[in-house]
Amino acid sequence: MAKTLAAPAGARRDLGIALLRMMIRIRVLEEGIEKHFLGGEIPGFAHLSIGQEAVAAGTCANLRRDDAIASTHRGHGHTLAKGTSMRGMVAELFARATGICKGKGGSMHIADFSVGMLGANGVVGGGFGLVAGAALSAVQRKTDQVAVCFFGDGATNRGPFHENLNLCAVWNLPAIFVLENNRYASTTSTAETMKIENVAMRAAGYGMPSAIVDGFDGFAVYDAVGDAVERARSGGGPTFVECKTYRARGHYIGDPERYRQKTEVADVMTASDPIVRMQALLGEALSLGEFERVWAEAREEFADAVAFARSSPAPEKDEAFFGAYTGDREPGNPVHDFEARERDEFLPFAPNVGTGSQGSGH
Amino acid sequence: MTATTQQQTGTTVMTNVEAVRTTLHDALVRDDRVLIMGEDVGARGNVFLITKGFLEEFGPERIVDTPLAEASIVGVAIGMAMEGLRPIAEIQFADFIYPAFNQIVGEAAKTRYRSNGDYTCPMVIRTPYGGGVRGALSHSVSIEALFYHVPGLTILAPSTPADIKGLLNAAIECPDPVLFLEHKKTYRSVKGEVPGGYYTIPIGKADVKKAGTDVTVVSYGYNAHQALDAANRLESDGVSVEVIDLRSIRPMDKTTILDSVRKTRKLLIIHEDNKFGGIGAEISAMVAEEALFDLDAPVRRLAGPDVPAMGYALPLEEEFLISTDEMVQAMRDMAKF
């Protein structure tokens, strides 16, 4: 970790500002999601990553568009940082036809294959296999792409975590496992579900190198994941990066949070808010005016995305029936006609009902 | 609890979610062997607040907060059940049950058979299922057909508070593994009277929720309530629909279905789960085998479309779900036939 008292200069300054800009965009997006969810414009369930922005920003700043990530149910930050447009995300959360998944996914199931974002996931631990597969594909296709799996501490108590760490290690795959240890698995404290303080020690059991970083420090995340990406791209195999972070909001919007003290949240955010932290790290390298402008731009971007979403139509109801099989959009497709839409019409074969072809056969 | 006590009749009006909660509570009080384990069931009190306060009342040995690990929740519950306890395992949403599939199908369902009854598996797996709450791809599924094929499993899906109490008690008493499905849209939208005191409802017994003479409708879960509404609407048009709430999906109550079909001579099956290979297919086949020549119309199934998920946007979710209007129309068509 290259933490110095002197304000960063040159490329390091530019990196810091880029990370800060991304974190602020994520914060503005998520505070906006919270507001519009509570206001009734966003239905369903939404899980916020406020407090964890440095992990998404610091990790994805190391990635190319053709690298893959798998996200979690708390994936707004990962998605934005990987390059999905704010318009596409907000329209998806507003359940519009212009959303990145055309209104089929919503917050928990957002995916954007065009930027290598293999999907948020409503099921904890759903991404491990996908990342191992994406990494194996890169090896077999002889590219230097890497695959990153974002996951929380809760997911590390699940079978697929262990199975895929083992696989990626023994096959020496270009995978990076980025743990966002935010201290809570859903509403249960991590201390109650595992006996160890540092999950990174589990990587050692699979022969995988690991790093533990301050997940509130965008530079620290960037540097650690950067080393891991370099190792993966150059054939050095997978790395486990444990980011110590914190979830400043409930498990989902509306969570009464009976399992922790309000003061705990305030204490952590006062000491560690990753945006405040980055502003401090940049010090004199960033003027207050520039800082304010980053916020203003993010707010403008979000307002534009909301306007775009509001002016977009909801998906046509028939879209519900498309996408199960290849070719099911073609007229007369047997899957479409027979399986999906049959309930629309009742055409029994008896001769006293209608004169359809169904009655002419006997 | 916000339930209203009606002392004079000995019944209490409560919602489905309250029925689950009070029945679990009474079971914990009644039987020391009963325990609850699952994700967020302790300090959080379950995501629907079903176990709120249980941790304080019964302690962490009986209200067990587990890691997010469904295969282990079910696996551990099986072991406890084989060794003298009565675990109630909770899968937070039915959509999360797949990692436990091996434990349920490969172990729980076979325990009695492979040990010739030396070991049994008296456990209940409770889980909320079904859509209509904008849960989209991973918080909306119906899972009953996936487990329906498996001998050794009992699958219950009661739709009213009184049936929930009686069948949950029966499930806890049952010496074999029971998958207990709770349609999450009925949790707070359905209210009804629940008799006081301990009682069970026999597993494998459907309930005729409304008698009728023109069409038999077989359904369960949230759809059963819609079917009842639809049937009531048709009364004024002179269409008499008999509505059967299966309550027990497996075992299936053949007698109640066949008695009704032989009377009305028409069968409409309604379920939210996908149509292809669904519960309705088995009922149709059974009726075809047993009562084909008693029918005056082809059997009809009104079911979820064969797409892999319910979309997030409202038009997509609504298009997947069966509306009460669609049910009215289908009943009318059947009656006219």
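The values are calculated or read from the model by the stated rules, or taken from the named source; none is laboratory data. As the structure is a computational prediction, the values presented were derived from the model and not from experiment. We place every Cβ from the backbone using ideal geometry, glycine too, and count neighbours over all the protein chains shown. These accessible areas exclude ligands, DNA and RNA; they are computed on the full protein's heavy atoms, side chains included. Shrake-Rupley method; radii C 1.70, N 1.55, O 1.52, S 1.80 Å.
In a shell of Cβ-Cβ distance under 14 Å around B:LYS165, excluding B:LYS165 itself, what net charge do Lys and Arg (+1) and Asp and Glu (-1) give? Intermediate results must be reported in sequence, preceding the final value.
Numbers: positive: B:ARG21, B:ARG30, B:ARG126, B:LYS191, B:ARG247; negative: B:GLU18, B:ASP26, B:ASP163, B:GLU173, B:GLU182, B:GLU193, B:ASP207.
The answer is -2.
For segment B:10-195, just say rounded, prolate or oblate: build the C-alpha gyration tensor, square-root its eigenvalues into a ≥ b ≥ c, call rounded for a/c under 1.5, and beyond that prolate if a/b exceeds b/c, oblate if not. Working shown, then result.
Details: a/c = 1.39, a/b = 1.22, b/c = 1.14.
Verdict is rounded for segment B:10-195.
Let's test this: bin the Cα-Cα distances of chain B at 20 Å from zero up to the farthest pair and state each bin's percent.
The percentages, shortest bin first, are 32, 58, 10.
Which angle from 0 to 90°, rounded to the nearest 10, does the C-alpha axis of helix B:254-264 make with the longest principal axis of chain B?
Once rounded, the angle reads 20 degrees.
Of all beta bridges DSSP finds with both residues in the protein assembly as shown, what is the antiparallel percent, to the nearest 5? The partial results should precede the final answer.
Working: 16 of 70 bridges.
Once the DSSP bridges in the protein assembly as shown are tallied, antiparallel ones form about 25 percent.
Return the percentage of antiparallel bridges among DSSP beta bridges fully within chain B, rounded to the nearest 5 %.
Details: 13 of 46 bridges.
If we restrict to bridges inside chain B, about 30 percent are antiparallel.
Any chance you could give the angle, 0 to 90 degrees and rounded to 10, that helix A:159-170 forms with the longest Cα principal axis of chain A?
70 degrees
Just to check I understand the Karplus step: with θ = phi - 60° and J = 6.51 cos²θ - 1.76 cosθ + 1.60, what whole-Hz values come out for segment B:155-164, glycine and proline as x?
Couplings: 10, 10, 8, x, 10, 10, x, 5, 5, 4 Hz.
Go ahead and estimate [θ] at 222 nm for the protein assembly as shown from helices alone: -39,500 (n - 2.57) per DSSP H run with n ≥ 4, summed, over the residue count, rounded to 500.
On the way: 23 runs with 257 residues, N = 699.
After summing the helix terms and dividing by the residues of the protein assembly as shown, the value is -11000 deg cm²/dmol.
Distance between the C-alpha centers of segment B:32-50 and segment B:165-180? Whole Å please.
Spelled out, the Cα-based centre of one part sits 17 Å from the other.
Give me a single rounded figure for B:60-71: the average over its residues of other chain Cβ atoms within 10 Å of their Cβ. The partial results should precede the final answer.
Working: counts 1, 0, 0, 0, 0, 8, 5, 14, 14, 10, 4, 3.
The per-residue average across the peptide is 5.
Leaving ligands, DNA and RNA out of it, rank B:GLU61, A:GLU257, B:GLU70 by accessible area with a 1.4 Å probe, largest first.
The residues order as B:GLU61, A:GLU257, B:GLU70, largest area first.
Calculate the length of the line joining the C-alpha centroid of segment B:252-274 to that of segment B:76-136, in whole Å.
For segment B:252-274 versus segment B:76-136, the Cα centre distance is 28 Å.
With +1 assigned to the C-beta of every Lys and Arg and -1 to the C-beta of every Asp and Glu, and no other charges, what is the dipole magnitude of the protein assembly as shown about the Cα centre in debye, to the nearest 20?
On the way: 70 positive and 89 negative charges, 105 e Å.
The dipole of the protein assembly as shown has a size of about 500 debye.
Pairs B:LYS266/B:LYS336; B:LYS184/B:LYS210; B:LYS209/B:LYS263; B:LYS209/B:LYS266; B:LYS210/B:LYS254; B:LYS209/B:LYS254: which exceed 21 Å Cα-Cα? Walk me through the numbers on the way to the answer.
Numbers: B:LYS266/B:LYS336 11 Å; B:LYS184/B:LYS210 23 Å; B:LYS209/B:LYS263 16 Å; B:LYS209/B:LYS266 17 Å; B:LYS210/B:LYS254 18 Å; B:LYS209/B:LYS254 16 Å.
As for pairs spanning more than 21 Å Cα to Cα, those are B:LYS184/B:LYS210.
Cα axis of helix A:10-38 to longest principal axis of chain A: angle in degrees, 0 to 90, nearest 10?
With rounding to tens, the tilt is 50 degrees.
For the protein assembly as shown, what is the Kirkwood estimate of the hydrodynamic radius, computed as the reciprocal of the mean inverse distance between distinct Cα atoms, to one decimal in Å?
On the way: mean 1/r = 0.0367 Å⁻¹.
Kirkwood hydrodynamic radius for the protein assembly as shown: 27.3 Å.
Dipole magnitude of segment B:10-195 about its Cα centre, charges +1 at Lys/Arg Cβ and -1 at Asp/Glu Cβ only, in debye to the nearest 20? Intermediate values should be presented prior to the final figure.
Working: 17 positive and 22 negative charges, 87 e Å.
Rounded to the nearest 20 debye, it is 420 debye.
Dipole size in debye (nearest 20) for segment A:2-310 around its Cα centre, Lys and Arg Cβ +1, Asp and Glu Cβ -1?
Computed charge dipole of segment A:2-310: roughly 580 debye.
Which shape class, rounded, prolate or oblate, goes with segment B:64-118 when its Cα gyration tensor gives a ≥ b ≥ c as root eigenvalues, a/c under 1.5 marks rounded, and past that a/b bigger than b/c marks prolate? Don't skip to the end; give the middle numbers.
Values: a/c = 2.77, a/b = 1.54, b/c = 1.81.
Note, shape of segment B:64-118 comes out oblate.
Ranked highest first by average number of other Cβ atoms within 10 Å, how do B:271-280, A:120-129 line up?
Working: B:271-280: 22.5, A:120-129: 24.1.
For the peptides B:271-280, A:120-129, the packing ranking is A:120-129, B:271-280.
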